[in-house]
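Inspection log for the structure reproduced underneath, given as structure tokens.
Every read-out reported here was derived from the displayed coordinates using simple, explicitly stated rules and does not represent laboratory data. Just so it is clear, the model here is predicted, and its values are computed rather than measured. A quick note on method: Cβ atoms are made from the backbone with ideal geometry, for glycine too, and the neighbour counts reach across all protein chains shown.
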Amino acid sequence: MQALVRLSQFVGKTFAAWVLLFAALAFFAPAQFRWIAAWIVPLLGIIMFGMGLTLSKDDFREVFRRPVDVLIGVLGQFIIMPALAWVLCKALALPPEIAVGVILVGCCPGGTASNVMAFLARGDVALSVAITSVTTLLAPLVTPALIWLLASQWLEVSAAAMFWSIVQVVVLPIALGVFAQSLLKDKVKVAVGVLPLVSVIAIVAIVAAVVAANQPRIATSGLLIFAVVVLHNGLGLLLGYLLGKLTGRSIAKRKTLSIEVGMQNSGLGAALAAAHFSPLAAVPSAIFSVWHNISGGLVATLYQGWENSPEDAREPEEGAAAQAEAAA
């Protein structure tokens, strides 16, 4: 079992490389990966179930201990990225399906990969986990509403259908994970050790399925989508940091806000796009999944060298490290 845990940790640390590798394989041999498309929703459910297994009372206690910090992060997540997506779609006059895909990924909650990046960046990991948890639980209401508000001018959007999809693939699996954790307790700790491996396999499979299903379209418009994704993600990382600075947060919190705002739950974006729009609308989420793990690692390395504020030293480092390990 320890060997499997070590393998899981290695795969988790090299996540971006695996996503990039299988995205390339799916592009050059799409027929071998198209069958996975039917399993996108169950795969995302597995990822969310794993997130539920790692959630603890401490994660939610952080919300009440530092409500202002969490509120700033949640508002930044649900205002900055959707607004950036809309502005980019308008400014670049993107085709309807691509525009909806960009807005969709912008309206998604934060992804659990952000917790790991916050840890590597020497950010406030407890705050990162709290923001991710809150935005994920708010997603069934906020994400469909934002997509309806921002994307209806391009394609018809059913907020009610999207709400039910998010409940099925996010809320219910997380609730089952939390229930399993409370029921099995110590036995779950063994499973948590291999969660990075399971999560990586699931997200790699989702990305490969989307790339394979859209190989011809990616060949013709992939560079445009990639450019939009890089701009979207890069501006999100920058504005997230500036949000922390403008609101007077400490340096560790600024790092966390940057990463939380810039990194999305792109797996959810791909699943929603495939279920409610078209395969092409899922491409921005697939490319985002590849890119934000690369950019997140680069930014985390940069932030790692930045000295934190004296007040950041008051946060218990051991607790932050433990939460980062669980989130991974």
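A value for Kirkwood radius over Cα pairs in Å was derived from the coordinates, and within the list (1) 22.2; (2) 20.5; (3) 19.4 it appears as (3).
In loop segments of the range 213-264 as defined by DSSP, there are no trypsin sites (Lys or Arg not before Pro) with at most 16 further C-beta atoms inside 10 Å of their C-beta. Which entries of LYS57/LYS245; LYS57/LYS253; LYS90/LYS255; LYS13/LYS255 show an alpha-carbon separation above 27 angstrom in the structure shown? Flagged as over cut-off: LYS57/LYS245; LYS90/LYS255.
Per DSSP H run of n ≥ 4, the term is -39500 (n - 2.57); total these for the chain, divide by its residue number, and report the mean residue ellipticity at 222 nm rounded to 500 deg cm²/dmol. Could you put the intermediate results ahead of the total?
Values: 17 runs with 256 residues, N = 328.
The helix-only estimate for the chain comes to -25500 deg cm²/dmol at 222 nm.
Counting only Cβ charges, +1 for Lys and Arg and -1 for Asp and Glu, the dipole size of the range 2-149 around its Cα centre is about 200 debye. Considering only DSSP states other than H, G, I, E and B, which chymotrypsin sites (Phe, Trp or Tyr not before Pro) in the range 210-306 qualify as loop sites with at most 16 other Cβ atoms within 10 Å? Hits after loop and neighbour filter: TRP306. Note on the range 124-267: with charges restricted to the Cβ of Lys and Arg (+1) and Asp and Glu (-1), its dipole about the Cα centre is near 400 debye. Label-to-label distance, ALA175 versus ALA145, with points set 7 angstrom from Cα along the beta-carbon direction: 2.0 nm. Charges were assigned to the Cβ only: +1 to each Lys and Arg, -1 to each Asp and Glu. The resulting dipole of the range 18-82 about its Cα centre is roughly 60 debye.
One decimal place: the segment LEU7-GLN304 gains 104.4 nm when fully extended, by the rule 0.36 nm per residue minus the C-alpha distance.
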